[in-house]
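Undergrad: Before we start, here is the structure in question, set down as structure tokens.
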Amino acid sequence: MRKSRTAVDATSTAFRATANDTTKLTRNVVGGGCAAKVGPGELARILASLPAQRHPNLLVGCDTFDDAGVYKIRSDLALVTTVDFFPPMVDDPFEFGRIAAANAMSDVYAMGGRPLTALNLVMYSGDVVPPEVLTAVLAGGAERAAAAGVVVAGGHSICDKELKYGMAITGVVHPQRIVRNGGARAGDALVLTKPLGTGIVATGIKRGAVEDGEEHAAIASMIALNDVASSQLLRHRARACTDVTGFGLAGHGAEMVRASGRVRFEIEAASIPLLPGTARLAEAGFITGGARRTQAFLGNRLAVAKDVTPGVAEAVVDPQTSGGLLVSLPARQAPGYVEALHARGLRPAIIGRVVARSARSRSEVVVE
């Protein structure tokens, strides 16, 4: 049974009360959330010389930079496996745990799968944060796991001066119902299921520059599961999907473009939903190193028109923590998909289209 909103608030308040009020988690980390990821260019160089993994039961591996690995167990069942962890991007330990857990499960949802079990990953030092803070982090992760119907089966911890937390997730999917990041076709619509800006807002949190409502909205977005958005993918004939995380909308969009072949994404700047405070903070210079790494890696594969506002231009490359799904689906199916998600309290938006690479560009943001 899922906890009520009142029960979750009571649990969060209880753990906040036990945590040391002087502990500001974001002060003790260099980069928080998915902004701490190794940049796409450096990661590509590191992985380039490794041997490719080949096995008849490995349905999805590393070659297309999909969100999770998929291994076939039998003709009607495959395992979906993924792992994700990072340093805090918010100061409340309970909320940090919830965000990290939701983010880890998102990879399974992006593949059209259902997460089943989780293993906690903990890097921690009692010399930096008191043990009750870690207890609160783990409680937050357990709350999100329970909300998703996921069983936390154990975990592993090591001593580390910089607190980090996440989960290794195992889920299931039918081998013929996997939704991959390749398969987008010219004429498809592009739908984004959550607003952008978590990296920019998290930078503002770290520097004490956000308003209460802005922080609350970002946390609410990051703890929201992608389960509903995932459950509607096949019903609306989604052709390709990824979750938007550390490489931002443009970086993960570029992975979809590469995996799909002979297409590019054209995105309308005015259609991109932003979290409250994102534009203001971006214009004030609250941006992440991760955004610059992605921008440098993409080079001329990302084109942003000069008249696009700084807030939107930065949000396109902003590393998202527990971001939404980016979905390519037939244009006639997109309104129904958006309506189905709206009916369940989500804020999706049709942000652009897939076009043939040879077509003339007519959008403000182009990802190739």
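Undergrad: Suppose we filter 191, 228 for residues that are closer than 26 Å to residue 257 by Cα, touching a strand residue (DSSP E or B) at 6+ places or on another chain (Cβ under 7 Å) and buried (at least 16 other Cβ atoms within 10 Å of the Cβ); which single one remains?
TA: After applying the criteria, what remains is 191.
Undergrad: Can you confirm whether residue 63 is free of Cβ contacts under 8 Å to residues at least 24 places away in the same chain, not hydrophobic (A, V, I, L, M, F, W, C) and not in a helix (DSSP H, G or I)?
TA: Here the answer is yes, as residue 63 does meet what is asked.
Undergrad: A further question follows. Could you go through the stretch 265-272 and let me know if any residue there is touching a helix residue (DSSP H, G or I) at 6+ places or on another chain (Cβ under 7 Å), touching a residue at least 60 places away in the same chain (Cβ under 8 Å) and buried (at least 22 other Cβ atoms within 10 Å of the Cβ).
TA: yes
Undergrad: Restricting attention to the stretch 349-368, report how many residues are touching a helix residue (DSSP H, G or I) at 6+ places or on another chain (Cβ under 9 Å) and either buried (at least 24 other Cβ atoms within 10 Å of the Cβ) or assigned to a strand (DSSP E or B) (or both).
TA: 8
Undergrad: Name the single residue, out of those in the stretch 291-325 being outside any loop (DSSP other than H, G, I, E, B) and in contact with a Gly (Cβ under 6 Å, 6 or more places away or on another chain), that is surrounded by the most Cβ atoms within 10 Å (Cβ to Cβ).
TA: So, considering only residues that are outside any loop (DSSP other than H, G, I, E, B) and in contact with a Gly (Cβ under 6 Å, 6 or more places away or on another chain), the one surrounded by the most Cβ atoms within 10 Å (Cβ to Cβ) is 315.
Undergrad: Can I ask one more? Would you mind finding the one in 168, 146 that is under 21 Å from the mean Cα position of the chain (by Cα), in contact (Cβ under 8 Å) with a residue 40 or more places away in the chain, surrounded by fewer than 20 Cβ atoms within 10 Å (Cβ to Cβ) and farther than 18 Å from residue 68 by Cβ?
TA: Exactly one of 168, 146 is under 21 Å from the mean Cα position of the chain (by Cα), in contact (Cβ under 8 Å) with a residue 40 or more places away in the chain, surrounded by fewer than 20 Cβ atoms within 10 Å (Cβ to Cβ) and farther than 18 Å from residue 68 by Cβ, namely 146.
Undergrad: Somewhere in the stretch 345-354, is a residue within 17 Å of the chain's Cα centre (by Cα) and not aliphatic (A, V, I, L, M)?
TA: Yes, there is a match, as at least one residue in the stretch 345-354 is within 17 Å of the chain's Cα centre (by Cα) and not aliphatic (A, V, I, L, M).
Undergrad: Let me ask you something else. Determine whether residue 113 is modelled with pLDDT of 95 or more, surrounded by fewer than 16 Cβ atoms within 10 Å (Cβ to Cβ) and over 25 Å from residue 26 (Cα atoms).
TA: no
Undergrad: Still on this model: Based on what the data block shows, is residue 293 without any contact (Cβ under 8 Å) to a residue 60 or more places away in the chain and over 20 Å from residue 110 (Cα atoms)?
TA: no
Undergrad: Let me ask you something else. Which condition does residue 108 not pass, out of (1) buried (at least 18 other Cβ atoms within 10 Å of the Cβ); (2) out of contact with any Lys or Arg (no Cβ under 9 Å at 6 or more places or on another chain); (3) closer than 17 Å to residue 244 by Cα; (4) among the β-branched types (Val, Ile, Thr), if it passes all the others?
TA: (2)
The values are calculated or read from the model by the stated rules, or taken from the named source; none is laboratory data. Note that the structure is a prediction, hence the values are computed from the model and not measured. Using ideal geometry, Cβ is built from the backbone for each residue, glycine included, and neighbour counts are taken over all protein chains shown.
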